[in-house]
Amino acid sequence: MARLVLKQIVLGILVVLTAVTLVFVMVRISGDPTTLILPQDATEAERVALRHELGLDRPVMVQYLAYLGGAVHGDFGQSYFDGDTVTAMIMRQFPNTLVLTGTALLVAVALAIPLGLLAAVWRGGVLDRAVQLVSVVGVSTPSFWAGLLLIQLFAVALAWLPTYGVGGWRHLVLPAATLALYLFPRLARLTRSSMLDVLPAAFVTTARAKGMPEYRVVARTVLRNGIAPVLALLALEIGTLFGGAVLTETVFSWPGIGQLAIHSIERRDFPVVQGIVAYVAVIFGVITVLAEIAVRLVNPRLRG
């Protein structure tokens, strides 16, 4: 187990380093930020002076190594436009994103895993067909379009919920439902197929032959042995949720790191974009390690 955890930590570090390197290169080939920072009538001398002040006139490798050195200590620099530290800007927005993605995750898991399990147990029944239909429709529907449909129905036509912004729980319903609709189909379909693989197994038949009640057979034997692929997918989808939050936060004007990322990309605020990618990559790496541990704790046969 310890060897596996160490291996996952090393892989997580490589993922973070790769993500940070790629975004470092991409933002620098996107254009010169001084064209947006300075007024249009700025002279070339003023642009040269600003590039020197921001350190953009140094060799790219020198900039990269300096950035990595600061990132190791949690220093991602300052925004080109706001003059605030990148960490402070992200920390102001991150709680909103965490509330949004956390709520969507809880709703999706609470619905997808039980329904996927019951669809497998009652294969071919009404519930099974309903879960498969909803899953196909959900996978085929872009999240931003689903968000717009929810706004049109519940905010515009019925006037039950607000269309944008942060406030009480009512402001959270539509964006969280949009993200949950994105995650639900994948979790439900994989749960169903994974449980269908386990149900015919000999140890399930043995548990039933011993007189174990059916609900205990399903909850303890079937679910425990079939949940490993679902946990692995869940770890990947949590990282995807943060990516999907970019569009969702934009549609609903939800002030999280997704909206901050879009705004920073539009004005070429390199340090903020790089800081957001680094934070999301670290979160993804940590969740992956925790998922590997959880899979082996749930299913003793996978421990090694």
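The values are calculated or read from the model by the stated rules, or taken from the named source; none is laboratory data. In this text the structure is predicted, and so the values were computed from the model without any measurement. We place every Cβ from the backbone using ideal geometry, glycine too, and count neighbours over all the protein chains shown.
Data overview
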read-out	value
Within region 193-304, helices (runs of 4 or more DSSP H) holding 2 or more residues that are free of Cβ contacts under 8 Å to residues at least 40 places away in the same chain and either out of contact with any Cys (no Cβ under 9 Å at 6 or more places or on another chain) or at positive phi (or both)	202-209, 228-251, 257-266
Condition broken by Gly77, with the remaining ones in (1) out of contact with any Gly (no Cβ under 8 Å at 6 or more places or on another chain); (2) small (Gly, Ala, Ser); (3) at pLDDT 80 or above satisfied	(1)
Any chance Val10 is surrounded by fewer than 14 Cβ atoms within 10 Å (Cβ to Cβ), among the β-branched types (Val, Ile, Thr) and within 30 Å of Leu236 (Cβ to Cβ)	yes
Residue match in region 241-263 (condition: more than 24 Å from Ala71 (Cβ to Cβ), at pLDDT below 80 and surrounded by fewer than 18 Cβ atoms within 10 Å (Cβ to Cβ))	no
Residue, surrounded by the most Cβ atoms within 10 Å (Cβ to Cβ), within region 23-34, restricted to residues that are free of Cβ contacts under 8 Å to residues at least 60 places away in the same chain and not in a loop (DSSP other than H, G, I, E, B)	Thr34
Checklist (1) within 24 Å of the chain's Cα centre (by Cα); (2) surrounded by 12 or more Cβ atoms within 10 Å (Cβ to Cβ) applied to Gly167, failing item	(2)
Single condition Ala176 does not satisfy, out of (1) crowded, with 19+ Cβ neighbours inside 10 Å; (2) small (Gly, Ala, Ser); (3) free of Cβ contacts under 8 Å to residues at least 12 places away in the same chain	(3)
Options Thr248, Thr191; residue that is hydroxyl-bearing (Ser, Thr, Tyr) and over 18 Å from Ala110 (Cβ atoms)	Thr248
Verdict on Val99 being free of Cβ contacts under 8 Å to residues at least 60 places away in the same chain and aliphatic (A, V, I, L, M)	no
Residues of region 118-136 that turn out to be free of Cβ contacts under 8 Å to residues at least 40 places away in the same chain and of a type in the set (A, V, I, L, M, F, W, C), as a count	6
Region 147-164 - residue that is under 27 Å from Gly116 (Cβ atoms) and crowded, with 20+ Cβ neighbours inside 10 Å and, of those, modelled with the lowest pLDDT	Gly147
Condition met for Met212 (surrounded by fewer than 19 Cβ atoms within 10 Å (Cβ to Cβ) and either at pLDDT 85 or above or more than 17 Å from the chain's Cα centre (by Cα) (or both))	yes
Options Gly116, Gly69, Gly102; residue that is assigned to a helix (DSSP H, G or I) and crowded, with 19+ Cβ neighbours inside 10 Å	Gly116
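Matching residues to (1) out of contact with any helix residue (DSSP H, G or I) (no Cβ under 8 Å at 6 or more places or on another chain); (2) farther than 24 Å from Glu249 by Cα:
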site: Leu133; (1), (2): yes, yes
site: Trp145; (1), (2): yes, no
site: Leu149; (1), (2): yes, no
site: Arg170; (1), (2): yes, no
site: Ser194; (1), (2): no, yes
site: Ala201; (1), (2): no, yes
site: Glu214; (1), (2): no, yes
